[in-house]
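Read the figures in this text as sums done on the coordinates, not as results from a lab. Note that the coordinates shown come from a computational prediction; the quantities given were computed from them, not determined experimentally. Counting neighbours? That spans all protein chains shown, and the Cβs are built from the backbone with ideal geometry, glycine included.
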Amino acid sequence: LLNNNVKLYLLLKTSENKAVSFTDCWFTDNESGIYISNTTDVKGKAEFNLIRGKSYILNTKDSSNLLEIKIPNSGSSFITKTIVYNPPLLNKTNTNAYLDTVRQNLKTNQIPTANESVIIIKVIDMKKKGLVNMPLSLTCKKIKKIYLASTNAEGEAMFLVPANRTYEIGIDNIENYKQLIVPEIPVKKIMGFAYLPTKVNEIVKNDTVIQSLPANQEATSARIYTHVNLKDLEGNYLTNEDICLDVFGSAKVYKATTDAFGNAAFLIPKGKKYTINFKYEREVNKFDYTNIDKEQIRDVEIEFQYMGSAKIEEHYKTAKRNNDGFVTEFMTVPVKKITSFDKTKIKKTILGYNINFSETSDYIPSAAVMKNKFFVGGASSKEFYCFNTISPLFNWGLELAESGQSSVVCDSDVVLINTYSCTLYAIDANTGKLLWDKWLGSSLYSTPTLYKGKVYTVYPNDISNTLNDNYVLVCFDFRSGNIVWQKWIDKDVLASPVVVDNSVYLTSLSGKIYHFDAKDGKKLNETKEFAVCPPTVADGFLYVSVKNNIEPKKQELAIYDASTLNLLKNVPSVSSSLNTDNINSSYTERMNYNGARVVNYKGKNYQVTDGKLVCSSGKDGKAIWTTNLSLEPNEKNLANTSVSPVIAGNKIIVGNSDGNINLYDPQTGKILKQYNTNESLNGMLVVNNGWIYAGSEEGKLVTVNTKDNTLTDWNMWGYNSSHNPVIK
């Protein structure tokens, strides 16, 4: 961002606290009439770059003046705003469906009227030759009209439109290619621009687009030429592999197949986000083409490595299995040593320092601290690093075989991580040497657990992981990687298994809570209620948020007997809107999910629900106090639902996506101190020896030196390697 710009994070939610997804919205400059538009994502979020000192009005296509805001001349580099908005039920397949259409075919001698201007738009190609029969549009959302015309033999299109308005110029199915401000006094105005039209042969089957591109294909004004080269983990070309670019927020998929040299090419529209997917690996990487200059002609070259579909299929076909059908032999993957780290990516701040991983990842899972080292990697990156804690000196790094890293887990000089696609790694914490690894399946949606020399995780036991009874809870020896035991569960685990004494607990994606013996894997019991977060076990009780059976749009605290899993009590007074978006969303959310999870401290429970921090009794669940996480009146915290309180130094610490890290009194809920990081934070904080470590939505690890060494010992996601957040 330029120093004169501020990034505004907008969250649109309904009055029922549901995300308003895939909705066009824009901020209009009160002075110039120029507007900045974007579309909310699946979570109702959208980002805007606004200018300091300017006043803006927020509008959607159905509602005007939702918010008026003046951007301050100084202060934070970003702002968060949550707006309650209940959209009508409209046909969302055409964003211009609500506009009146005016088709124009004007004579060349047309002159302005008393209230209308004549606009002539000349469109030329890269050789400065006029483009003939090119359809153009001028859209004014304020008056809800779209004007249509086509270019003539000279490449000119003429419009007669109301004066004193701002218009979007549309071309080649691009609704807002450029903006045009028509002055208050009617005029005859001529403007022009160069444009390279798109000519592509496409076959559309349902929502899948297959293109036939020539070898000399180039990018166009509307589309980006994206060339992908695919190799296996040994560096050999992968041939005849399907590669899909899924359009974010849409069912549309662009599909291509690699040639003999691992090449596949796409010509994909600008203004959208894409995820790249292989047959057995999803969300391998993300591409954000929403902010690319519409007039820029751009080619993109990308290289990826992938196990290879044929090899994966052969593994499942030939892998050794025991009498119960469990896989007993797993593939391994190569890693590469990283010998240095670019020091320019480490920046000192007023509070501490930030490490910028944004070139390789936009989401940083929770780091982990052990002794005088911390371990961190990016969710969409292969790179994994170890640094010193106070002075972030590089110790070692590894390039993993794939991206999609979970939160980091460590204990007894061993570091563990899962990757979404699709490996469990055990690494020597001191040297970075790979101790062992297990390619566990086509997708892993969880963080591993380590307790008393045993590693617990969940994997899909077959090439198709869509069927029931197809997931396995497995226990490995953490030194050798040898299998200790395996047991069936119905669905994948939510976030991570939790180990307490001689018991393993987990919440599956079906909502069941399982209870196993940690030593031999014997299933002790299970529940049928719909749990929506990982369990927490303290003083013989198991605490979890469950779906409210009477009000299905709500979730509430439930208390179970930890030994028998008998339901002791539902606590409607500790409830919130049901939020299962993250359970069904991206791997980064599911691997690190903490929505409404209980943290138990000295017999009391602490949760974040609906933007509030709630304290309740550990005995009966009765609410003791509640406080809003956001200090701004009447505004909910724009928080990732993976946020969860942490406990350190007799204080409750919560990191908000508004950039603030707040410290609260556990007895009263009163805020004691606040650190403003000027970064949009996500996930769970890590706290050690006075330092706070937080991931950001901009691909940074953010650190804060509180200079209070009593703030310590919350060393990783879920408190410790067993992931049971209980402090006596």
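For an R0 of 30 angstrom, estimate the FRET efficiency from the Cβ-Cβ distance between ASP428 and ARG321 and round to the nearest 0.05.
Once the sixth-power term is evaluated, E becomes 0.45.
Can you give me the Cα centroid spacing of region 269-344 and region 551-579 in angstrom?
Computed from Cα coordinates, the inter-centre distance equals 38 Å.
Quick one: dipole size for region 292-399, taken about the Cα centre, charges +1 on Lys/Arg Cβ and -1 on Asp/Glu Cβ, in debye to the nearest 20.
620 debye
Can you pull out the trypsin sites (Lys or Arg not before Pro) in region 406-473 that DSSP calls coil and that have at most 13 other Cβ atoms within 10 Å?
Here the trypsin sites (Lys or Arg not before Pro) that fit, given the DSSP loop and packing criteria, are LYS433.
Cα atoms only: what Rg and Dmax, in Å, come out for region 106-148?
Cα radius of gyration and Dmax of region 106-148 are 13.2, 38 Å respectively.
Working out 0.36 nm times the residue gap between SER212 and ILE302, then minus their Cα-Cα distance, what length gain in nm do you get to one decimal? Working shown, then result.
Numbers: separation 90, 0.36 × 90 = 32.40 nm, distance 1.93 nm.
Length gained, SER212 through ILE302: 30.5 nm.
Relative contact order of region 491-615: what whole-number percent is it, with Cα pairs under 8 angstrom and at least 6 residues apart?
Averaging sequence separation for qualifying contacts and normalising by length gives 18 percent for region 491-615.
Return the subset of LYS348/LYS604; LYS528/LYS622; LYS189/LYS294; LYS279/LYS700; LYS18/LYS547; LYS128/LYS286 for which the Cα-Cα distance in this structure is over 26 Å, preserving the input order.
Violating the 26 Å Cα-Cα cut-off are LYS348/LYS604; LYS279/LYS700; LYS128/LYS286.
In whole angstrom, how far apart do the alpha carbon centroids of region 403-430 and region 158-210 sit?
If we compute the Cα centre of each part, the gap is 49 Å.
Can you work out the FRET efficiency for the pair ASP501 and SER617, with r the C-beta to C-beta distance and R0 = 25 Å, to the nearest 0.05?
0.60
Average the reciprocal distances over every distinct pair of alpha-carbons in region 53-199, invert the result, and give the Kirkwood radius in Å.
Values: mean 1/r = 0.0574 Å⁻¹.
That comes to 17.4 Å for region 53-199.
What does the charge add up to near MET331, with Lys and Arg as +1, Asp and Glu as -1, over the other residues with Cβ less than 13 Å from its Cβ?
With Lys, Arg at +1 and Asp, Glu at -1, the neighbours total -3.
In Å, what is the Rg of the alpha-carbon atoms in region 5-84, and how long is Dmax?
When restricted to the Cα atoms of region 5-84, Rg and Dmax are 12.1, 35 Å.
Can you show me the helix-derived [θ] at 222 nm for the chain, built from DSSP H runs with n ≥ 4 at -39,500 (n - 2.57) apiece and divided by the number of residues, rounded to the nearest 500.
-500 deg cm²/dmol
Report the rotationally averaged projected area of region 202-310 based on its alpha-carbon convex hull, in square nanometres.
6.7 nm²
When only DSSP loop residues count, what GluC sites (Glu not before Pro) in region 348-415 have their Cβ near at most 15 other Cβ atoms within 10 Å?
GLU359
Please report, in whole Å³, the volume per residue of the convex hull around the C-alpha atoms of the chain.
Details: hull volume 118.6 nm³, N = 728.
Each residue corresponds to 163 Å³ of Cα convex hull volume.
Count charges around ASN715 for me, please; just the other residues with Cβ under 15 Å from its Cβ, Lys/Arg as +1, Asp/Glu as -1.
Net charge in that neighbourhood comes out at -1.
So which GluC sites (Glu not before Pro) in region 257-347 are both in a DSSP loop and have at most 13 other Cβ atoms within 10 Å of their Cβ?
Answer by residue number: GLU295, GLU329.
Roughly what angle does helix 309-318 make with the longest principal axis of the chain, taking Cα atoms, 0 to 90 degrees, to the nearest 10?
Helix 309-318 sits at roughly 30 degrees to that axis.
With a 10 Å radius around each residue's Cβ, average the other Cβ atoms per peptide and rank 370-377, 697-704, highest first.
697-704, 370-377
Fully extended, how many nm does the chain gain between SER150 and LYS18 (0.36 nm per residue separation, minus their Cα-Cα distance)?
Here the answer is 43.3 nm.
Work through the residues other than ASP342 whose Cβ is under 12 Å from its Cβ and net out their charges, Lys, Arg +1 and Asp, Glu -1.
Neighbourhood net charge equals +1.
Excluding residues fewer than 8 places away in the same chain, name every one of the aspartates and glutamates whose C-alpha is closer than 13 Å to that of LYS336.
Within the straight-line cut-off, LYS336 pairs with GLU234, GLU383, GLU399, GLU402.
How high is the FRET efficiency between ILE390 and LYS127 when r is their beta carbon distance and R₀ equals 45 Å, given to the nearest 0.05? Before the final figure, lay out the partial values.
Numbers: r = 61 Å, r/R0 = 1.34.
It comes to 0.15.
How large is ³J(HN,Hα), in whole Hz, for each residue of region 13-20 in order, when computed from phi with the Karplus curve 6.51 cos²θ - 1.76 cosθ + 1.60 and θ = phi - 60°, using x for Gly and Pro?
Karplus-based 3J(HN,Hα) across region 13-20 equals 9, 6, 5, 9, 6, 9, 5, 9 Hz.
Listed highest first by mean packing, meaning other Cβ atoms within 10 Å per residue, what order do 171-182, 213-224, 409-420 come in?
409-420, 171-182, 213-224
How high is the relative contact order of the chain, in percent, counting Cα pairs under 8 Å that sit 6 or more residues apart?
The normalised contact order for the chain reaches 8 percent.
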